[in-house]
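The values are calculated or read from the model by the stated rules, or taken from the named source; none is laboratory data. Quick caveat, the model's predicted, so the values are computed rather than measured. Counting neighbours? That spans all protein chains shown, and the Cβs are built from the backbone with ideal geometry, glycine included. Only protein heavy atoms, including side chains, enter the accessible area calculation; ligands, DNA and RNA are left aside. Shrake-Rupley method; radii C 1.70, N 1.55, O 1.52, S 1.80 Å.
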Amino acid sequence: MCGIVGYIGDKRASEVIIKGLKRLEYRGYDSAGIAYHNGTLEIKKGKGKVAKLEQMLEGGNSAKLGIGHTRWATHGEPNDINSHPHTSSSGKLALVHNGIIENYASLKKMLEGNGCEFYSETDTEVVAKLIESLLEKDPKDLKKAVQLALAQIDGTYGLAIIHTDFPEQIVVARKGSPLLIGVGNGEMLIASDASAVAEYTDQVVYLDDGEVAVIKKDEYQVHTLDDDSLIKEVHELALSLEEIEKGGYPFFMLKEIFEQPKAISDCLRGRLNAKEGTITLGGISRVMEQLTDAKRLIIAACGTSWHSGIVGEYLFESLLKIPVEVEYASELRYKESLIGEGDVMIVVSQSGETADTLAALRRARKNGALVIGVVNVVGSSIARETDAGVYIHAGPEIGVASTKAFTAQVTVLTLMAIQLAQYKGTISDEKARKLISELDSIPKKMQQVLDKSSELDQVSDLFSYAPNFLYLGRSFGFPVALEGALKLKEISYIHAEGYPAAEMKHGPIALIDEMMPVVVIAGTRHTNDKMVSNIEEVKARKGRIISIVTEGNEEVENLSEFSFSVPEVADELSPLLTVIPLQILSYNIAVNRGCNVDQPRNLAKSVTVE
Ligand code: M6R
């Protein structure tokens with residue numbers, strides 16, 4: 001949550017920072033702000049989007065150093081005063097923060113006792129005041145004051161600090177919130193996400209927790225909180241500007257929906273050999289034995305990634321014959337810790353920075369479990385902290401509503417399940433070959449679904465103002481129902497519930513009347529008869545059936561008011577196709593309702609706080 005950008009070099013800092021903030025706006029968009037200095041500190045900030053901040057900067061300035069922030073509010077409502085940057089009492093120091101300072105109330109009380117005045121309701125302002133109070137003891141060393149302040153702070157932070165008495169440096173620190181240094185030629189950038197620096201450099205240094213760095217135009221030095229000096233690896237970024245721009249689409253979400261055939265091809269490339277009937281996932285090759293010997297698998301994730309995890313559960317249990325538990329990472333991290341040696345945890349995360357998922361993985365590793373990552377963002381915290389892993393290679397996902405990451409995560413979990421089952425001998429050669437060959441044809445079939453997406457226009461228009469939606473699925477259709485409901489509620493603000501179709505009788509059926517659109521996901525052959533009965537139950541209560549079926553499923557089509565078909569595919573792979581019409585339905589409805597699809601209210605792309 002919250003985006004941070006900083007610049008020091010020969011360019012006009014505010015221009016670089018505004019561009020960077022625009023790229024990071026998907027991380028939070030309640031308010032935005034910038035601080036720069038050329039002797040005296042200037043702050044521009046306020047509630048609203050980065051475009052509004054840009055207007056405040058009209059008229060220009062020549063500062064070559066500055067920091068900026070786009071906020072997702074935790075402490076204090078989104079307003080001008082609570083916007084970052086926050087300043088020290090002297091007005092010489094400004095900082096931006098991503099994370100939560102848990103002991104801010106006691107620190108604030110202590111600082112107030114020393115005469116400090118506070119203006120905002122944020123937890124962040126105490127950090128600015130605390131650093132300044134410590135700097136007074138040794139006014140020559142800003143880094144030291146930051147280290148001393150952080151030693152008193154509980155919580156999480158990505159911090160960037162500037163001070164007019166230190167005109168040639170930015171001090172940054174990280175604990176629990178991502179931060180990287182973009183190493184340029186005669187210039188340096190800092191950012192919470194690589195997309196903000198990609199235009200200027202492909203050389204990045206990822207900071208780890210407990211590190212503080214002093215960034216100058218030509219150099220950076222990284223230290224621990226105890227001031228031990230560190231040598232950090234410089235990574236090469238593989239991120240093209242094209243990938244992080246809309247490329248003619250009105251919204252990133254639509255671009256990302258239509259990118260799915262390519263994303264899945266990229267995900268399969270070099271891993272799947274349809275001719276030989278083999279799969280090779282280099283990232284888990286050295287832990288195959290441990291994975292297949294596991295007593296149980298625990299899949300931990302949040303949101304859409306948790307839905308992919310349920311698809312994973314069905315796949316691993318049926319193909320690999322190992323019991324699987326799918327856990328919300330946020331619950332798992334505070335449960336009685338029964339995970340230990342012999343267990344394998346698979347953490348699924350698009351961003352690789354979700355705070356709860358990161359905490360769950362740390363706990364599992366501490367207890368001796370093997371932890372495998374299924375992650376999109378290369379070099380992210382989760383990717384770096386897992387024992388082994390498989391990247392999903394979906395390319396940057398910028399729309400807050402996850403789309404191509406879901407299908408690429410499911411693809412990786414499918415590849416893993418088949419490869420491990422082949423290794424363990426729990427899948428027949430015939431079945432493995434069939435699944436591999438069908439997986440190979442998924443990008444083509446996805447394209448066929450996308451090519452007829454306009455068939456969803458009419459039903460989208462008809463139900464754009466429905467107050468509620470119900471999504472029902474069985475077996476592999478159930479996680480798709482959950483995902484369809486999540487997509488609709490997060491971008492169109494329509495209340496939607498996803499349920500296992502038969503579970504409907506245990507409560508939600510009371511909601512059904514002639515006003516209720518019920519989306520049924522009927523893409524799995526082995527549960528079709530049962531699904532037909534569930535549809536009849538809805539129809540008997542006058543519910544409006546919108547069905548997603550595989551081609552030729554006339555039985556369900558005939559029971560539906562509206563039906564959309566996807567190409568035939570093995571049941572195990574059906575989520576990869578049936579989810580696409582649901583993504584498009586949500587997108588169409590959100591657009592009809594005038595919603596900002598890429599930046600839905602109250603949300604942020606990557607949830608880096610608890
Ligand atoms: O980056 P992650 O996959 O760990 O993120 C998990 C969730 O925050 C994310 O999937 C969220 O639910 C999306 N907004 C769903 O579209």
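Only one of Met416, Met446 is closer than 20 Å to Ile299 by Cα, away from the ligand (no atom under 16 Å from the Cβ) and either open to solvent by less than 10 Å² (accessible area, probe 1.4 Å) or part of a loop (DSSP other than H, G, I, E, B) (or both). Can you tell me which? Talk me through it step by step, then tell me what you get.
Working: Met446 fails: closer than 20 Å to Ile299 by Cα.
It is Met416.
Gly379 is checked against (1) over 20 Å from the mean Cα position of the chain (by Cα); (2) touching a residue at least 60 places away in the same chain (Cβ under 8 Å) and fails just one. What number does that condition carry?
Looking at each condition in turn, Gly379 falls short on (1).
Can Phe166 be described as out of contact with any Gly (no Cβ under 9 Å at 6 or more places or on another chain), of a type in the set (Phe, Trp, Tyr), in a loop (DSSP other than H, G, I, E, B) and farther than 28 Å from Glu187 by Cβ? Break it down into steps so the answer makes sense when it comes.
On the way: out of contact with any Gly (no Cβ under 9 Å at 6 or more places or on another chain): yes; of a type in the set (Phe, Trp, Tyr): yes; in a loop (DSSP other than H, G, I, E, B): yes; farther than 28 Å from Glu187 by Cβ: no.
The answer is no for Phe166.
Can you name the residue in the stretch 386-413 that is in contact with a Cys (Cβ under 7 Å, 6 or more places away or on another chain) and in a helix (DSSP H, G or I) and, of all such residues, is nearest to the ligand (Cβ to nearest atom)? Write out each step before concluding.
Filtering the stretch 386-413 for residues in contact with a Cys (Cβ under 7 Å, 6 or more places away or on another chain) gives 392-394, 408, 411-412.
Now drop any that are not in a helix (DSSP H, G or I), which leaves 408, 411-412.
On the way: Ala408: 11, Thr411: 15, Val412: 13 Å.
Here the residue is Ala408.
Mind counting the residues in the stretch 566-610 that are open to solvent by less than 20 Å² (accessible area, probe 1.4 Å), small (Gly, Ala, Ser) and away from the ligand (no atom under 16 Å from the Cβ)?
Residues meeting the conditions: 2.
May I ask you to list the residues in the stretch 270-328 that are among the aromatic types (Phe, Trp, Tyr), assigned to a strand (DSSP E or B) and more than 16 Å from the ligand (Cβ to nearest atom)?
Listed by number, the list is empty, since nothing qualifies.
Only residues that are buried (at least 23 other Cβ atoms within 10 Å of the Cβ) and either under 23 Å from the mean Cα position of the chain (by Cα) or farther than 19 Å from Tyr26 by Cα (or both): list them for the stretch 48-62, please. Even if it seems obvious, please write down each step before you answer.
From the stretch 48-62, those buried (at least 23 other Cβ atoms within 10 Å of the Cβ) are 50, 53; that's our starting set.
Hit for the stretch 48-62 is Val50, nothing else.
Scanning for something of a type in the set (D, E, K, R) and at pLDDT below 95, does the stretch 564-573 turn up at least one residue?
Here is the first cut: in the stretch 564-573, the residues of a type in the set (D, E, K, R) are 568, 571-572.
Within this subset, residues satisfying the condition of being at pLDDT below 95 are none.
No; the residues of the stretch 564-573 include none that is of a type in the set (D, E, K, R) and at pLDDT below 95.
The rows are residues; the columns are (1) over 30 Å from Tyr26 (Cα atoms); (2) surrounded by fewer than 21 Cβ atoms within 10 Å (Cβ to Cβ); (3) of a type in the set (A, V, I, L, M).
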position: Glu490; (1), (2), (3): no, no, no
position: His495; (1), (2), (3): no, yes, no
position: Pro500; (1), (2), (3): yes, yes, no
position: Asp513; (1), (2), (3): yes, yes, no
position: Pro517; (1), (2), (3): yes, no, no
position: Val520; (1), (2), (3): yes, no, yes
position: Lys539; (1), (2), (3): yes, yes, no
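State whether one or more residues within the stretch 12-26 are open to solvent by 20 Å² or more (accessible area, probe 1.4 Å) and outside any helix (DSSP H, G or I).
Within the stretch 12-26, one or more residues are open to solvent by 20 Å² or more (accessible area, probe 1.4 Å) and outside any helix (DSSP H, G or I).
When the residues of the stretch 357-385 are filtered to those that are within 13 Å of the ligand (Cβ to nearest atom) and assigned to a loop (DSSP other than H, G, I, E, B), which remaining residue is surrounded by the most Cβ atoms within 10 Å (Cβ to Cβ)? Working first, answer last.
As a first pass, look at the stretch 357-385 and keep what is within 13 Å of the ligand (Cβ to nearest atom): 357-361, 373-377, 380-383.
Applying the additional criterion that residues be assigned to a loop (DSSP other than H, G, I, E, B) yields 376-377, 380.
On the way: Asn376: 28, Val377: 25, Ser380: 24.
Per the stated criteria, the residue is Asn376.
Among the residues in the stretch 124-133, are any over 14 Å from Thr87 (Cα atoms), modelled with pLDDT of 95 or more and surrounded by 23 or more Cβ atoms within 10 Å (Cβ to Cβ)?
Step one: of the stretch 124-133, the residues over 14 Å from Thr87 (Cα atoms) are none.
No, because not a single residue in the stretch 124-133 is over 14 Å from Thr87 (Cα atoms), modelled with pLDDT of 95 or more and surrounded by 23 or more Cβ atoms within 10 Å (Cβ to Cβ).
The rows are residues; the columns are (1) surrounded by 24 or more Cβ atoms within 10 Å (Cβ to Cβ); (2) not in a strand (DSSP E or B).
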position	(1), (2)
Ala173	yes, no
Pro178	yes, yes
Ile181	yes, no
Gly186	no, yes
Ile190	yes, no
Glu199	no, yes
Val205	no, no
Asp209	no, yes
Val212	yes, no
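Could you please find all residues in the stretch 319-338 being over 30 Å from Ala432 (Cα atoms), modelled with pLDDT of 90 or more and crowded, with 21+ Cβ neighbours inside 10 Å?
Ala329 - this is the single residue of the stretch 319-338 that is over 30 Å from Ala432 (Cα atoms), modelled with pLDDT of 90 or more and crowded, with 21+ Cβ neighbours inside 10 Å.
Which ones in the stretch 341-356 are acidic (Asp, Glu) and either touching a His at 6+ places or on another chain (Cβ under 9 Å) or within 7 Å of the ligand (Cβ to nearest atom) (or both)? It would help to see each step written out before you state the result.
Step one: of the stretch 341-356, the residues acidic (Asp, Glu) are 341, 343, 353, 356.
Hit for the stretch 341-356 is Glu353, nothing else.
I'm checking my understanding of the structure. Among residues of the stretch 136-154 that are outside any loop (DSSP other than H, G, I, E, B) and open to solvent by 10 Å² or more (accessible area, probe 1.4 Å), which one is farthest from Asn114 (Cα to Cα)?
Applying the first criterion (outside any loop (DSSP other than H, G, I, E, B)) to the stretch 136-154 yields 142-151.
Those left that are additionally open to solvent by 10 Å² or more (accessible area, probe 1.4 Å): 143-144, 147-148, 151.
Values: Lys143: 22, Lys144: 21, Gln147: 20, Leu148: 17, Ala151: 19 Å.
Residue satisfying both the conditions and the ranking: Lys143.
Can you name every residue in the stretch 67-99 that is surrounded by 22 or more Cβ atoms within 10 Å (Cβ to Cβ) and either more than 21 Å from His163 (Cβ to Cβ) or in contact with a Ser or Thr (Cβ under 6 Å, 6 or more places away or on another chain) (or both)? Quick ask: steps written out before the conclusion?
Here is the first cut: in the stretch 67-99, the ones surrounded by 22 or more Cβ atoms within 10 Å (Cβ to Cβ) are 67-72, 82-86, 88, 93-99.
If the condition is that a residue be surrounded by 22 or more Cβ atoms within 10 Å (Cβ to Cβ) and either more than 21 Å from His163 (Cβ to Cβ) or in contact with a Ser or Thr (Cβ under 6 Å, 6 or more places away or on another chain) (or both), then Thr70, Arg71, Trp72, Asn82, Ser83, His86, Ala94, His97, Asn98, Gly99 are the ones that fit.
Taking Ile346 and the conditions (1) part of a helix (DSSP H, G or I); (2) closer than 18 Å to Asp387 by Cβ; (3) open to solvent by less than 10 Å² (accessible area, probe 1.4 Å), which numbered condition does it fall short on, given that it satisfies the others?
(1)
Being among the small types (Gly, Ala, Ser) and part of a loop (DSSP other than H, G, I, E, B) is the filter; apply it to the stretch 215-269 and report the residue that is farthest from the chain's Cα centre (by Cα).
First, the residues of the stretch 215-269 that are among the small types (Gly, Ala, Ser): 229, 238, 240, 247-248, 263, 265.
Next, only the ones that are part of a loop (DSSP other than H, G, I, E, B) stay: 238, 240, 247-248.
Details: Ala238: 18, Ser240: 19, Gly247: 21, Gly248: 23 Å.
Residue satisfying both the conditions and the ranking: Gly248.
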